[in-house]
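The values are calculated or read from the model by the stated rules, or taken from the named source; none is laboratory data. All figures in this text were calculated on a predicted structure; none of them were measured in a lab. Heads up: the accessible areas ignore ligands, DNA and RNA and are worked out on the full protein's heavy atoms, side chains in. Shrake-Rupley method; radii C 1.70, N 1.55, O 1.52, S 1.80 Å.
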Amino acid sequence: MEMTGNKRPILLFLLALAVLPWAGCTHFGPAAAQEKRPDGTGGDTSYYHYSVGVLQNLAGDTDGAIRSLENAYSLDPRSASLAGDLSSLYLKKGNVSGAIEILEKSLIVYPDDVDNRLLLAGLFLRGKEYDRAIEEYEHVIRLDPGKENAYLYLSLLYRERGEYEKASGTLKRLLALNPDHLAGNYALARLFREMKLERQSEAHYRKTLEIDPGYEPALMDLAGLHESSGKYEEATEEYRRILEEDPGRIDARFRLGRMLFEQNLYDEAIAEFLTVLEQNPGNRQTRLALGMSYFFQGKRLDLAEPIFLDLLQENPSEETARYFLAATFEKQGKPDRAMEHFSKVTPASGLYVNSRIHMAVLLKDGGRFDEAVSLLGKTLESKQEAPLYGALASLYEENGNMEKAEETLLQGLGRAPGNIEMRYRLGVLYEKMGQFEKGLQEMQKILDADPDHVEALNFVGYGLADRGLRLEEAERMVKKALQLKPGNGYITDSMGWVYFRMNDLPRAARYLEEAHRMLPEDPTIAEHLGDVYLKMGRKKDTLRLYREALERNPDSAELKKKIKGLLSAPKKTPSR
């Protein structure tokens, strides 16, 4: 189609095209109208209809624009540009099948037209014809490897079909061409997270933030990744970074509050939740989190109670609010009100079992032992869950019925032989029953399944040392437990006790002094340190520690005997 004469219409035409709002249009321009038919006729007529269509679309007359472009295309059916533009108008009117049909016809004539193939792939994606969309995007990449968006869409399609290796491979192909592609790195980070490849996911989130340090979606996702993997301190710092840039991000502030809550930093969590509520006073999730923070903080139960009551008044089926309201009443020494609300938690709730356990404890504390046992027994008829067996065994144990406690735990393990918590409790129970070897057997089963189970390692190491058995093995076990859980006062005490039994008094004193600093209220640790000092000849320090331990454990006949022995021992007279 040749253009002759005054060139002003061309300038106006270009200006019109620059603002043309036809979605997905990639061909629009004079070149589209300049393609001639094979016989060399009809060009100017095609151009006329095309120009009219442009003006009609600018005026909002989509139907008229479609008719004009259909006329232009009928006169110039080999124009790939007209095919793309007309398909875009069909799509605008919702005629997806018409758009696909005209693009497929055009691609028969011009199979290497990348833009029309991209448009067709997008239509297949929209229609969830994923196989055909994948085929087109792969074709586009073969024709033009520089079409970066094709990689993103193709990866999304593979991910949708669960073909994660292909999805990640596609994004890696994109990043091989452009390592600093922001969307490519971000998409790969999210994909790796979905694949549970946390290390790779974090690496690409960090690469995304290297490209754009203020990219909030990556900052939020990276914080969420650390949150889900239990790295609460890292998540906390990332949420703080987001809030430094944008203090109004209440989603980030709520998550920051939640991270502080998980780290038992309740005062700081409360401050964040209150700030969120200043901006969004009715937010139920934040109000619930605030109430729970007051509850676990323990200092302001009077503030927790009205929050839970208000939430229940607004929605009586709010199970979490009801459970914590009941627990608040329990902490406040209001057993009747606690029982009332615990009893209303429904069996469908994830808090039902815990509610029944709390009710059993309240009944037991009220001197109604048989009712407590009956309640847990009836609950077990419909909910054979490990915490119920553990709670029932604890009731029997507290009542002195060790055999019944053992029977209950064995029943629970019969249903859930892999439950480590119940097996650990059984091992401890055997130790209390004077059957240490049976307890060791249970702990060994735990360590066979989980060699890093800290409590089982500590139990075995301390138990062996306390009996003077296999002391080198005891040392290895406790040392490993302390490496896995550094700073734990009870394991530190075990380490000191191992060295005491090995007669390494300086090391024993060092560990037990540290344990006593960490847990000054624990009478057993004070007694252990006193035993070490006694053997070191430090009788004055020994007597002080024994008396300190007796204050905290006044019924200990052993401590009374040790103190009496120290006081009655003849004093050494100075030699002349």
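Descriptive notes on the structure:
- The accessible area of Glu472, taken with all protein chains in place and a 1.4 Å probe, comes to roughly 130 Å².
- Shown for region 271-397: the carbon plus sulfur share of the solvent-accessible area, taken with all protein chains present and a 1.4 angstrom probe, equals 51%.
- With protein chains left intact and a 1.4 Å probe, residues in the chain average 51 Å² of accessible area per residue.
- On region 508-547, 51 percent of the accessible area sits on carbon and sulfur atoms, based on a 1.4 Å probe.
- Hits among aspartates and glutamates - C-alpha to C-alpha of Lys92 under 13 Å, sequence gap 8 or more where chains match: Asp61, Asp63
- Both the radius of gyration and Dmax for region 441-495 are 10.1, 28 Å, in that order, over alpha-carbon atoms.
- Relative to one another, the C-alpha centroids of region 151-221 and region 547-562 are positioned 63 Å apart.
- Across the alpha-carbon set of region 392-451, the Rg to Rh ratio works out to 0.96, Rh being the Kirkwood radius.
- Over 19 Å apart at the Cα level, from the set Lys331/Lys432; Lys166/Lys231; Lys344/Lys378, are Lys331/Lys432; Lys166/Lys231.
- Using the alpha carbons alone, the radius of gyration of region 56-95 stands to its Kirkwood radius in an Rg to Rh ratio of 0.96.
- Taking only Cα atoms of region 363-479, radius of gyration then Dmax in Å: 15.7, 48
- Cross-link check: pairs Lys196/Lys480; Lys299/Lys383; Lys480/Lys540; Lys364/Lys562; Lys404/Lys445 evaluated at a Cα-Cα cut-off of 25 Å; pairs beyond the cut-off: Lys196/Lys480; Lys299/Lys383; Lys480/Lys540; Lys364/Lys562.
- Relative intensity of region 423-536 on a log10 scale, I(q)/I(0) at q = 0.17, 0.18, 0.19 Å⁻¹, equals -0.78, -0.86, -0.95, per a Debye sum over C-alpha point scatterers of equal strength in the absence of solvent.
- Taking the convex hull of Cα positions in region 267-354, its mean projected area over all directions (nm²): 5.5
- Ratio of Rg to Rh for region 89-237: 1.07 [Cα atoms; Kirkwood radius as inverse mean 1/r over pairs].
- Compared with the dominant Cα axis of the chain, that is its longest principal axis, helix 436-449 is turned about 10°.
- Grouping the Cα pair distances of the chain into 20 Å bins from zero gives a pair-distance distribution of 14, 30, 29, 16, 9, 2, 0 percent in increasing distance order.
- Principal-axis tilt of helix 114-126 within the chain, Cα atoms, nearest 10 degrees: 50
- Using θ = phi - 60° in the Karplus curve 6.51 cos²θ - 1.76 cosθ + 1.60, the 3J(HN,Hα) couplings for region 253-265 round to 5, 5, 5, 4, x, 5, 5, 5, 4, 5, 8, 6, 8 Hz; x is entered for Gly and Pro.
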